[in-house]
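This report refers to the structure that appears directly beneath it.
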Amino acid sequence: MKKLLSVTAAGLLLFATSFQARAIEGPDPVGSITASAYLGLLPGVGANAAADYVLINKWWKGHFTVGGYAGLYGDKTSDSVSVSGVTAKNSTKYHYFTVMPRATYGLNITDSFEVHAGTMVGMQFSYSKTKGSVSSSAAGVDGKEKKSETSLGVAYGELVGCRYFFTDNFGVSAECSVGTVTYLNLGISYRF
């Protein structure tokens with residue numbers, strides 16, 4: 001996944017630098033907010049939302065934002081082992097809820113197209129439920145077990161993304177992330 005993020009970041013950087021410096025548009029004004037809602041993919045499926053507040057503009061022809069991120073996603077794993085006629089099967093469902101502040105640097109390539117990169121650090125609540133079974137046809141053994149666990153830990157993420165605005169306020173957005181978040185996020189954005 002880190003290779004995918006690196007390739008995407010390199011592609012966005014090359015795309016951004018291929019424009020002449022005069023083609024870069026002005027940064028978003030201080031005090032503007034861009035809110036985004038995403039469908040998160042990999043690992044599992046989820047939904048998340050982010051909001052970015054422009055704190056500083058005209059910083060290296062771009063804008064620096066602070067904001068927040070909240071996400072919910074789930075994943076499932078299963079495995080099966082069979083030795084000498086005894087079969088053990090496990091299936092685990094994971095659910096994660098993450099809340100983090102985030103900071104990004106954005107660059108408006110045109111009036112409609114913006115690229116950004118950033119970082120996030122916060123808290124993640126996780127819940128997992130495991131179902132297991134052991135069976136043996138020769139010994140006539142058949143047992144089932146259920147176990148659930150919860151935990152609270154540190155969450156982090158690094159991201160690169162882009163937004164394309166169809167109007168002054170409404171557009172589509174995509175972000176690639178690494179860390180304890182979904183890796184690919186596709187959604188919509190609204191600029192206030």
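Observations
- Scan of region 171-192 for residues that are open to solvent by 50 Å² or more (accessible area, probe 1.4 Å) and over 23 Å from Tyr156 (Cβ atoms), ordered by number: Val172, Ile188, Tyr190, Phe192
- If you filter region 70-84 down to residues that are over 17 Å from Ser148 (Cβ atoms) and loosely packed, with under 15 Cβ neighbours inside 10 Å, you find that the one that is modelled with the highest pLDDT is Ala70.
- Residues within region 25-55 that are closer than 14 Å to Leu184 by Cα and not in a strand (DSSP E or B), tallied: 3
- Positions within region 150-192 being without any contact (Cβ under 8 Å) to a residue 40 or more places away in the chain and in contact with a Lys or Arg (Cβ under 6 Å, 6 or more places away or on another chain), in sequence order: Asn169
- The residues in region 55-88 that are under 28 Å from Gly153 (Cα atoms) and among the charged types (D, E, K, R) can be counted, and the count is 3.
- Residues that are exposed (fewer than 15 other Cβ atoms within 10 Å of the Cβ) and of a type in the set (Val, Ile, Thr), drawn from region 55-69: Ile56
- Residues being in a loop (DSSP other than H, G, I, E, B) and open to solvent by 40 Å² or more (accessible area, probe 1.4 Å) - total across region 85-140: 7
- Scanning region 140-187 for residues that are more than 15 Å from Leu42 (Cβ to Cβ), among the aliphatic types (A, V, I, L, M) and in contact with a Phe, Trp or Tyr (Cβ under 7 Å, 6 or more places away or on another chain) yields Leu152, Val172.
- Boolean, Val83 is in contact (Cβ under 8 Å) with a residue 12 or more places away in the chain and not polar (S, T, N, Q): no
- Restricting region 25-44 to residues that are in contact (Cβ under 8 Å) with a residue 60 or more places away in the chain and over 16 Å from Arg163 (Cβ atoms) leaves a set whose member that is least open to solvent (accessible area, probe 1.4 Å) is Gly40.
- Selected residue [at pLDDT 95 or above and exposed (fewer than 12 other Cβ atoms within 10 Å of the Cβ)] from Leu152, Leu159: Leu152
- Yes/no for Glu145 being in a strand (DSSP E or B), open to solvent by less than 20 Å² (accessible area, probe 1.4 Å) and of a type outside the set (Gly, Ala, Ser): no
The values are calculated or read from the model by the stated rules, or taken from the named source; none is laboratory data. Computed from a prediction, not measured in an experiment: that's the story for all the values here. A quick note on method: Cβ atoms are made from the backbone with ideal geometry, for glycine too, and the neighbour counts reach across all protein chains shown. Please note that ligands, DNA and RNA were not included when accessible areas were found on the heavy atoms of the full protein model with its side chains. Shrake-Rupley method; radii C 1.70, N 1.55, O 1.52, S 1.80 Å.
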